[in-house]
Every structure is written in structure tokens, then in C-alpha cells.
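Working notes, beginning with the structure itself.
Readers should treat all values here as calculations from the given coordinates under stated rules, not as data from a laboratory. In this text, all values refer to a predicted model and were calculated from it rather than measured experimentally. A quick note on method: Cβ atoms are made from the backbone with ideal geometry, for glycine too, and the neighbour counts reach across all protein chains shown.
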């Protein structure tokens, strides 16, 4: 299959490498021509995925028309806040028969749409049955290195899910199918917000018990939102929920946990963001996930406190104290 990956950050590059090694023809679209030229000449993405050789069968390009028009499967792996812009620009070149795979995790600000909804809105309802969502615990560096990884792909159309599963399944990359797009996407967007809280806890030196509590109560928050929006509670116990949440809250390669860790140690947010090459999606999504929860009438106290920490300069210790002083409740409530 001819596959085009939109986005040459660490995850997009890792997916391009995986797909190429699976035997597919791969174009990797880069936002900048200088990056595309570097990938062509050095066969390495030194900025986003250093020391990982890229197969000669990957064709880097900064020409979006070339990438979109050639694709039998189009993989959207750009940061969530630019998905609409990139897909809108590519729209006129996307084949009517192309499968569309969203590998972006987030909820769009203002519209509060999930990424698959944004893509469908831009491309048109005729593409609804051709969209799938890829999510799960998968650090780019480990995927690119061929470390054993398991993810899930969700679609309302079982044929789209199966096509994506078949295309991505590799020797060390296992893909499961699912029909709960809502649950998979909300899990992927929310876990980044909870991971910032877990990082702050570690940065403050609060210990393993604190981190475990944040992860577990984060699962409860995500579950409430998923169910209220029409998804399945069971999905949150799977790869795109608990799996991705645990990885992002505990792994040293997690950008969101690292950002929280540095915040907990006292570094200003502006300096942290200025030193990062890639986007920590939880920063923007702390706003959109919190807004979506309020709109749905769902309590997500951890997500709300992360929003206050990041965007209203609330002190980290005050965030902790306010979470601990909340009204005592049963562990499970809706």
C-alpha cells in the first residue's frame, strides 16, 4: 500500500519507519523543506528522533500535494492544534478511496471536537466511514527501535479498522481493533493532562503512593467523561486508556510527565516550553478537556487543577491541597 504520513515529529517519523519496514511505500510529509532535505540526505531525523537510521524506502517531502495525492492511506500525525489547518490544506488532493488514520491525540480548542471529528468536518461526511483512530501506549523512540508495542485502532467502520490493523501490524507492533472511537480518543487526549499532574507530584517529591493515586483517580475521571459522551467504560481499561495513561504518567520518555516534573521542581512554564522541541499536548488539552467536561456536566478535578496550574499560575502545592481537601465521596460514583 502507498501510505503518506503527515507530520515528521518523533511519532510520525517512527510510524513512517514502521510502515516502511512492513513493506509499504511511504511518503513522510515535513512542514519544513530543510527538514525534508536533511531526512533525504542523512536518513536520520536528528532533531526529533536522533540516532535512528531511516530506511531508504521512506520518501521525505515538504510538498503536501505530493504526499496527499499519492496516499491510499493517509496518516495524520501532526500536533492536535494544527490538524484542522493541515487537513484543510490537503483536502483537495485526498483520494476519495483513501483510508484516513488519525494518530493525533487531543480535543480541539473552541470547537471541543475530537480529532476524528475535526478530520471528518474538514473532509466531509463522505469520509466518515474511512476514518480510523490509532492510539495506545507507544513511545516514538521505542516504536522506532522495534521494541514490543501494542496499540488499538478504532473506527465506526470495521473495514477501516481492519485495513489499518493490517497495514500497521508488524513483527514487534501488535494492533488490536475496536469500535469505540469516543473512548479511544478521549483516553488519548485526557491522559496527557493527568500525566502533567503525575509529573508535578514526582517533582515535588511526594512519592509513589501519590503518583498511584493520581493515576487511579485519573482513570475514574476519564471513565466518567467517556461514558457521558457515549463511549464505553470498558475501553478505559484497555490500551488506549489505562495502558497509555500508565505509560505517560511513569515513563521517562513522556514529554507531559517531564513538563510536570520540571514544574514541580520550580521551573517556570515559559522556560520549560521554550526548551522543548516537541509539543506537550497536555498543556493545550488541559483547557479543552476541562471545557469539554464542564460542557458535559462531568467532574474532572485533576484536569481542572492542572488547567489552573498551567494557565492561571496556581501554585503546585495549592493544587495538591485543594485536591486533598475536596469533599469526601464514595470511590465509585457517576
Exercise. Taking the Cα atoms only, what angle lies between the long axis of helix 281-296 and the longest principal axis of the chain, rounded to 10 degrees?
Worked result: 70 degrees
Exercise. Using alpha carbon coordinates only, what is the Rg to Rh ratio of the stretch 2-179, with Rh defined as the Kirkwood radius?
Worked result: 0.93
Seminar exercise, completed: Using alpha-carbon positions, the gyration tensor of the stretch 1-81 gives root eigenvalues a ≥ b ≥ c; with a/c under 1.5 called rounded, otherwise prolate if a/b exceeds b/c, else oblate, the class is rounded
For this session: Please give the peptides 60-67, 273-280 ranked by average Cβ packing (other Cβ atoms within 10 Å per residue), highest first, as a rough proxy for protection.
Result: 60-67, 273-280
Problem set entry | Convex hull volume per residue for the stretch 248-320, taking Cα atoms only, in Å³ | 94 Å³
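Mean residue ellipticity at 222 nm from the helices of the chain, using -39,500 (n - 2.57) per DSSP H segment of n ≥ 4 over the full residue count, to the nearest 500 deg cm²/dmol?
When only DSSP H runs of four or more count, the value is -15000 deg cm²/dmol.
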Exercise. By counting other Cβ atoms within 10 Å of each Cβ, how are 99, 29 ranked from fewest to most?
Worked result: 99, 29
Exercise. Roughly what angle does helix 181-203 make with the longest principal axis of the chain, taking Cα atoms, 0 to 90 degrees, to the nearest 10?
Worked result: 50 degrees
Exercise. Which order do peptides 215-227, 71-83 fall in by mean Cβ count within 10 Å, highest first?
Worked result: 71-83, 215-227
Exercise. Anyone know which of 171, 141, 232 comes out most mobile in the 10 Å Cα GNM of the chain?
Worked result: 171
Exercise. Compactness ratio of the stretch 187-324: Cα Rg over 2.2 N^0.38 Å, N = residue count?
Worked result: 0.96
Exercise. Helix 208-228: angle to the longest alpha-carbon principal axis of the chain, degrees 0 to 90, nearest 10?
Worked result: 70 degrees
Problem set entry | Mean separation of Cα contacts under 8 Å, 6 or more apart, over the residue count of the stretch 1-98: relative contact order % | 35 percent
Exercise. Top mean-square fluctuation among 27, 130, 95, Gaussian network model of the chain, C-alpha springs under 10 Å?
Worked result: 95
For this session: Averaging sequence separations of C-alpha pairs under 8 Å and six or more residues apart, then dividing by the length of the chain, give the relative contact order as a whole percent.
Result: 15 percent
Seminar exercise, completed: Ranked by GNM mean-square fluctuation in the chain (Cα springs under 10 Å), the top entry among 107, 193, 143 is 143
